1. Ratio of Rg to Rh for the chain, alpha carbon only, Kirkwood?
2. Sequence-distant or interchain residues sharing an amide H contact under 5 Å with R110, placed H: which?
3. If I build a Gaussian network model for the chain, linking alpha-carbon pairs within less than 10 angstrom, which residue out of R34, R136, R110 has the largest mean-square fluctuation?
4. What is the extension gain from L124 to K142, computed as 0.36 nm multiplied by their sequence separation minus the C-alpha to C-alpha distance, in nm to one decimal?
5. Could you order peptides 83-95, 40-52 by the average number of other Cβ atoms within 10 Å of their residues, highest first?
6. So what is the relative contact order for the chain, in percent, with contacts set as C-alpha pairs under 8 Å and at least six apart?
Amino acid sequence: MQQVNHAVLQHLNPTQVEVEIYRADELEVRRGLRSELDEMWGFVKAKTHPRWLWHAIDHGSGKVLAYVFGRRKDSVFLQRQTLLEPCGITRYSTDGWGAYERHIDAEKHRVGKDNTQKIASKHLNLRTRIKRLVRRTICFSKTEQMHDLVIGLFMNRYEFGLPL
């Protein structure tokens, strides 16, 4: 199971990405890949044991670039940032949670709901397709390992396009 979309990385050439972005958005000059970052709440056994899915998507295509599971803490955010380093992201769009403010340079960071619509839509799709992520459900994971495995397999199959 992979946590980084290697198929996107293999075809990601920074000079080509810039050219494609310039064509798609001629009014605003971009200098590289733009990403939306967010975290999504779930739980294991009981709601008192939260488990967060941290993921990043390409703002242009909506493809998931990388994901990681953990608590809602800076250390987990930094794990995801490590996975994103090979992507060469130059702009981040977030909801403004504290970890983003503390660890992303202000000139690379945009805060606001208007820049995170695609990842919010991705959350809705995940909650619809994976019942373990629905807030009011009788379907839940009993272990963190099973929780991460089920969601990780879904991401690998439907987001990364890998055979299982």
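1. Values: Rg = 16.0 Å, Rh = 16.5 Å.
Reported Rg/Rh, Kirkwood definition of Rh: 0.97.
2. Correct list: Y92, S93, T94.
3. R136
4. On the way: separation 18, 0.36 × 18 = 6.48 nm, distance 2.27 nm.
Contour length minus Cα-Cα distance gives 4.2 nm.
5. On the way: 83-95: 17.9, 40-52: 15.2.
In descending order of packing, they fall as 83-95, 40-52.
6. Working: 241 pairs, mean separation 39.9, N = 164.
Computed value for the chain: 24 percent relative contact order.
The numbers here are math on the coordinates, done by the rules we state, and not lab data. Since we're looking at a predicted model, the values are computed, not measured. Cβ coordinates were reconstructed from backbone atoms using ideal geometry, including for glycine residues, and neighbour counts include every protein chain displayed.
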